Amino acid sequence: MLNAHFPAGSIFSVHIFLIPYLCHMSEMRKVIVTGGTGYIGSHTVVELQRAGYEVVVLDNLSNSERSVLEGITAITGVQPAFLQIDICDRQALTDVLLMHQDAVGVIHFAAFKAVGESVEDPLAYYANNVGGMISLLQVMSVLNMDNLIFSSSCTVYGQPEVLPVTEDAPIQPAQSPYGNTKQICEEMLQDAAAAGLFHRVISLRYFNPVGADPSGLIGELPIGIPANLMPYITQTAAGLRDELKVFGGDYATLDGTAVRDYIHVSDLAAAHRIALERLIEKRHATAFETFNIGTGKGSTVLEVIHAFEQMTGVSLNYRIVDRRPGDVEQVWADTSRANQVLGWTAQRTLEDMAASAWKWEKRRVESKE
Ligand code: NAD
Ligand code: UFG
């Protein structure tokens, strides 16, 4: 695997002797997951382990807890390897990837994700999200590692002119520094692929991930007051918040509230495994590919609220207020490419999303009592 020529005395020349031994340590196919203790990462670790992969999680725990590893282990019966590192620390990342250079691929989740925070502290977002990606790409490229899956977002489309939105829709100017980091990272990947540094990269553009593993043992861990709809709903239902504010009731939609394509996090996790297998089996059409990952169905905020109420039997105290600045009116995915090319389709309903999110919330509340 190692075909780069490293300068004598460099870290690479020291570690090169270890590689034949490390490569034979395991017969299982190994996958590196950056940000693997986070919300989407932890569900993807479960999906990969269930499919028989050996998973190595890299995370600095800046937005997750070590206890997530216990949840994963309780679900799958397998403890993933965990290394607490900051992927921006190129030396630490090099040391770790040298040990796991036999991995068949890397799934890259590690990034900051709060839109509002990115407006207040843009440089932290560029440093972590863009800096972390540069660090990862450079180390992977030097170590001749390929097969990379990147977490992108439907925010790259802004308010699309045509709905449902396809991957070929024009990329709109970013609405926030966070959104801009996703656009910059996609551009970097495209350029790195065009330069022949990588031969197999997939960017998955997620729509709105919600829900939790059906076990209720892992889920989303919002810090402070949730900015996103589903955790706000579950926290209101649990009595942690007095009232749910519905941002905007005068949009040109079915019931006046904004439309999004909510996707169950376990379906999203499956998309990562399937995309990775496309790369491992070299079924890719071009070096850099993009796929929308949604259900292909839009739901209004009120539809989500009513699905939650119906599923759980809990009635929510909600009120329609002014629009939230920066929100688009409606967006949902054309998922044809993911359906036909990847062979992936979302399986779970809005009710599944509500039920699993509620199970996770109740478990968290009970564990604190
Ligand atoms: P999350 O915050 O739950 O998970 C991210 C994980 O990365 C955390 O565990 C955090 O500790 C870790 N991390 C952050 N910076 C790191 C660094 N420099 N080094 C090592 N670890 C680091 O977020 P999530 O919701 O699971 O999102 C995962 C990815 O998907 C992110 O890239 C996010 O931008 C993207 N995404 C998320 C959504 C969403 O709505 N959740 C939508 C579209 C795209
Ligand atoms: N909403 C409310 N009340 C709330 C929270 C949200 O009415 O308390 C509404 C929003 O106004 C929006 C919809 O619910 O109309 C969904 O809002 P979210 O904040 O849950 O999700 P967004 O579509 O704004 O954005 C999310 C992530 C982004 C990501 C994007 C696409 O926050 O990081 O999905 O994946 F890029």
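With a probe of 1.4 Å, find how much accessible area segment 59-146 has per residue, and write the answer as a whole number in Å².
That works out to 42 Å² per residue.
To the nearest 10 degrees, how steeply does helix 265-280 sit against the main Cα axis of the chain, on a 0 to 90 scale?
30
Using a Gaussian network model of the chain with C-alpha springs under 10 Å, which one of 162, 265, 96 is most mobile by mean-square fluctuation?
162
Binned at 5 Å from 0, what are the whole-percent values of the Cα-Cα distance distribution for segment 91-152, short to long?
Taking all Cα pairs of segment 91-152, the binned fractions are 4, 17, 26, 22, 14, 10, 6, 2 percent.
So in the chain, what percent of DSSP beta bridges are antiparallel if you round to the nearest 5?
Roughly 5 percent of the beta bridges in the chain run antiparallel, per DSSP.
Just by accessible area at a 1.4 angstrom probe, what is the order of 297, 30 from largest to smallest?
Result of the area sort, largest leading: 297, 30.
Hey, can you rank 344-351, 198-205 by average C-beta count inside 10 Å, highest first?
Per-residue mean Cβ counts within 10 Å order the peptides as 198-205, 344-351.
Would you grab the residues whose amide H sits under 5 Å from the one on residue 246? Only those 5+ places off in sequence or on another chain, please, with H modelled 1.01 Å from N.
319, 320, 321
Mind counting lysine pairs for me in segment 223-369? Cα separation below 24 Å, and the two need to be 8 or more apart along the chain or on different chains.
5
Taking only DSSP H segments of four or more residues, each worth -39500 (n - 2.57), what value at 222 nm results for the chain once the sum is divided by all its residues, to the nearest 500 deg cm²/dmol?
-11000 deg cm²/dmol
In Å, what Rg and Dmax follow from the Cα atoms of the chain?
20.5, 67
Where is the GNM fluctuation largest for the chain (alpha-carbon springs, 10 angstrom cutoff): 334, 267, 250?
Of 334, 267, 250, the most mobile in the Gaussian network model is 250.
Name the lysines eligible as straight-distance cross-link partners of residue 182: C-alpha to C-alpha under 16 Å, and not fewer than 8 places from it in the same chain.
Cross-link targets: 113.
Return the sequence-ordered ³J(HN,Hα) values of segment 105-110 in whole Hz as given by the Karplus equation 6.51 cos²θ - 1.76 cosθ + 1.60 applied to θ = phi - 60°, using x for Gly and Pro.
Working through the residues one at a time gives x, 10, 10, 10, 9, 4 Hz.
Please compute, over every Cα-Cα pair in segment 182-291, the percentage with a separation greater than 21 angstrom.
56
Report, by chain and number, residues whose modeled amide H sits under 5 Å from the one on residue 293, excluding near sequence neighbours (fewer than 5 apart, same chain).
Counting only residues 5 or more places away or on other chains, the set is 205, 206, 207.
Under 8 Å for C-alpha pairs, at least 6 residues apart: give me the relative contact order for the chain, rounded to a whole percent.
Averaging sequence separation for qualifying contacts and normalising by length gives 18 percent for the chain.
Averaged over every viewing direction, what's the projected area of the C-alpha convex hull for segment 176-228? Give it in nm², one decimal, please.
Here the figure is 5.8 nm², rounded to one decimal.
Kirkwood hydrodynamic radius (Cα pairs, Å) of segment 131-255?
Its Kirkwood hydrodynamic radius stands at 17.7 Å.
Could you work out how far helix 39-50 tilts from the main Cα principal axis of the chain, as a 0 to 90 degree angle to the nearest 10?
The two axes meet at around 60 degrees.
Please report the orientation-averaged projected area of segment 61-165, defined via the convex hull of its C-alpha atoms, in nm².
So the Cα hull casts an average projection of 9.1 nm².
For the chain, set up a GNM with springs between Cα atoms under 10 Å and report which of 231, 170, 209 has the largest fluctuation.
170
Taking the alpha-carbon distance from residue 30 and a cut-off under 14 Å, which aspartates and glutamates remain once sequence neighbours fewer than 8 residues away in the same chain are dropped?
47, 54, 102, 146, 277
Name the residues whose placed amide hydrogens come within less than 5 Å of the amide hydrogen of residue 218, ignoring near sequence neighbours (fewer than 5 apart) on the same chain.
So residue 218 has HN proximity to 213.
Report, to the nearest 10°, how far helix 131-142 tilts away from the longest principal axis of the Cα atoms in the chain, using its own Cα long axis and a range of 0 to 90°.
The angle comes out near 30 degrees.
The values are calculated or read from the model by the stated rules, or taken from the named source; none is laboratory data. Model, not experiment: these values are computed from the prediction. Because the Cβ atoms are built from the backbone with ideal geometry, glycine has one as well, and the counts that use them run over all protein chains shown. Keep in mind that these areas ignore ligands, DNA and RNA; they rest on the heavy atoms of the full protein, side chains included. Shrake-Rupley method; radii C 1.70, N 1.55, O 1.52, S 1.80 Å.
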